[in-house]
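Presented below is the structure to which this report refers.
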Amino acid sequence: MLSEKIDVDKLEKSDKEHSSTTTAYGSRYFKTSIPKYELPDDGMPAQAAYQLIHDELNLDGNPALNLASFVTTWMESEADKLVMESMDKNYVDNDEYPQTQVIQERVVNMLARLFNAPKECQSIGTATIGSSEAIMLGLLAHKWTWRERRKAEGKSWDKPNIVMGADVHTVWEKFAKYFDVELKLIPLREDLYTITAEDVALEIDENTIAVGAVIGTTFTGQMDPIKEINDMLMEIRETKGWNIPIHVDGASGGFIAPFLYPDLEWDFRLEQVRSINVSGHKYGLVYPGVGWLIFKDKTDIPEDLVFNINYLGGNMSNYSLNFSKGSSTIIAQYYNFIRLGFNGYKDIMNNMAENAKYLADKLQQTGKFEVINKQMTFPLVTVRLKDTDFTVFQLSGKLREKGWIVPAYTLPENAQDIAVLRMVIKENFGRDMIELFLTDIMEAYHHLEKSEEKNDQKGKDNLTLLY
Ligand SMILES: Cc1ncc(COP(=O)(O)O)c(C=O)c1O
């Protein structure tokens, strides 16, 4: 009863007596409800707090069965150890943890080279929380450069715009809104799902701060024609004098193309590509959250955007949206680089690509699914259903009963009538898991085909795209 006065001394004595003869489950904390809305007056033994939260988290999905997210769900135990050893280091305290900063710079250098920055360039970059922060910082630098150039030329600088396809991740739209830049979004076309250089040419003008191009789109894993966009922009530069940079969103593709398609020109080999972001926590094979932003040359970032700070005990420069952040994922990225090397990454990417292709072929062969990303450039399979009277949303829900997490969603503008399932194949999703998944997806399919559940339209509202 609420009004009953609790005798705390008595309870504590009883807790002590019990703790040597029972487990956390025998303690009083397992017969009362867990504090949810207010900070409790008194705490509880560590063992009970741990067990309560641990048990509650069992309600989350199993990361190993999560085909929705691109984000890494497994690292080697040695990497786990390094992560735990550096959990207590705030990355921004560079003066206190100088070696961590040195390691960050090594990763930036390795990435600039992996992205084929020309030798004569002085590439610079930074670790971020993820690709979202990296994209915002990259685009901000381009906005700044454009504005300073316009000012110097005595021209208006109040109407910046950015051109990109509707295939971009939502963070690009966020950038336009948060940083007050007009968004020129090119709608998609059914059966293409990316933009073309001609589309871009129609949208750019003297106020375009940058063109966004994606390698490995969120929706279908496809790739914008970056080389063609670059060539068109070079021509515009010659004919009209507009020097429009490309920022490549390599959130997932940036860690795949260098290993699987080394001859594909999408990176700093192209003149107008001035900045690239990549998610370390996606195919960089590191836990969340780490992203990277690399500028082709130090002249691509205006000096006055970089803050020099001295209150952490030394002079240091900082270009970030966030200030404090953990060091462990940066260190884990370096671990992967020296542990795997180019060939180690390549082996993993090859396995993922082959397994994704196997899954796509098997699904296509059933005659029940149509694979949308037919070129299979990236280890991801996007399918739509053929001739059924149930939806991908229902199929996704049915798969969830078995523990599989597979997002269902509709494609962006102009292709919004197409609803798809997307399966991201990660390194810890081997051939055997794919076989098990194939059995379960077909079982779920046949169940829906026969069952009354197909008439339940509730699933239609159940958009489960996880970016
Ligand atoms: C193409 C693309 N860009 C940007 C992002 C955002 O990346 P992050 O989650 O690392 O912020 C994603 C996330 O999936 C993505 O697929």
Problem set entry | Residue check for L39: surrounded by fewer than 14 Cβ atoms within 10 Å (Cβ to Cβ) and modelled with pLDDT of 95 or more | yes
Exercise. Residue check: is F255 away from the ligand (no atom under 13 Å from the Cβ), modelled with pLDDT of 95 or more and surrounded by 15 or more Cβ atoms within 10 Å (Cβ to Cβ)?
Worked result: no
For this session: Could you please let me know if M234 is in the same structural domain as L139 (by TED's automatic domain parsing) and buried (at least 16 other Cβ atoms within 10 Å of the Cβ)?
Result: no
For this session: Please enumerate the residues belonging to segment 210-234 that are at pLDDT 95 or above and under 23 Å from E182 (Cβ atoms).
Result: A210, V211, G212, A213, V214, I226, I229, N230, M232, L233
Problem set entry | Residue under evaluation G61, criteria (1) more than 16 Å from the ligand (Cβ to nearest atom); (2) surrounded by 22 or more Cβ atoms within 10 Å (Cβ to Cβ); (3) under 22 Å from the mean Cα position of the chain (by Cα), criterion not met | (2)
Seminar exercise, completed: How many residues of segment 127-181 are polar (S, T, N, Q) and either away from the ligand (no atom under 16 Å from the Cβ) or surrounded by fewer than 22 Cβ atoms within 10 Å (Cβ to Cβ) (or both)? The answer is 4
For this session: Assess whether T217 counts as being surrounded by fewer than 19 Cβ atoms within 10 Å (Cβ to Cβ) and of a type in the set (V, I, T).
Result: no
For this session: Name the single residue, out of those in segment 279-308 being assigned to a strand (DSSP E or B) and within 9 Å of the ligand (Cβ to nearest atom), that is nearest to F378 (Cα to Cα).
Result: S279
Problem set entry | Candidates L385, L380, L395, L359, filtered to the one that is surrounded by 22 or more Cβ atoms within 10 Å (Cβ to Cβ) and in contact with a Lys or Arg (Cβ under 9 Å, 6 or more places away or on another chain) | L380
Problem set entry | Members of segment 373-399 that are in contact with a Gly (Cβ under 8 Å, 6 or more places away or on another chain) and basic (K, R) | K386
For this session: Name, by its number, the condition in (1) at pLDDT below 95; (2) on the phi < 0 side of the Ramachandran plot that does not hold for M376.
Result: (2)
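The values are calculated or read from the model by the stated rules, or taken from the named source; none is laboratory data. Just so you know, these numbers come straight off a predicted model, no measurement behind them. Cβ: placed from backbone, ideal geometry, glycine included. Neighbour counts: every protein chain shown.
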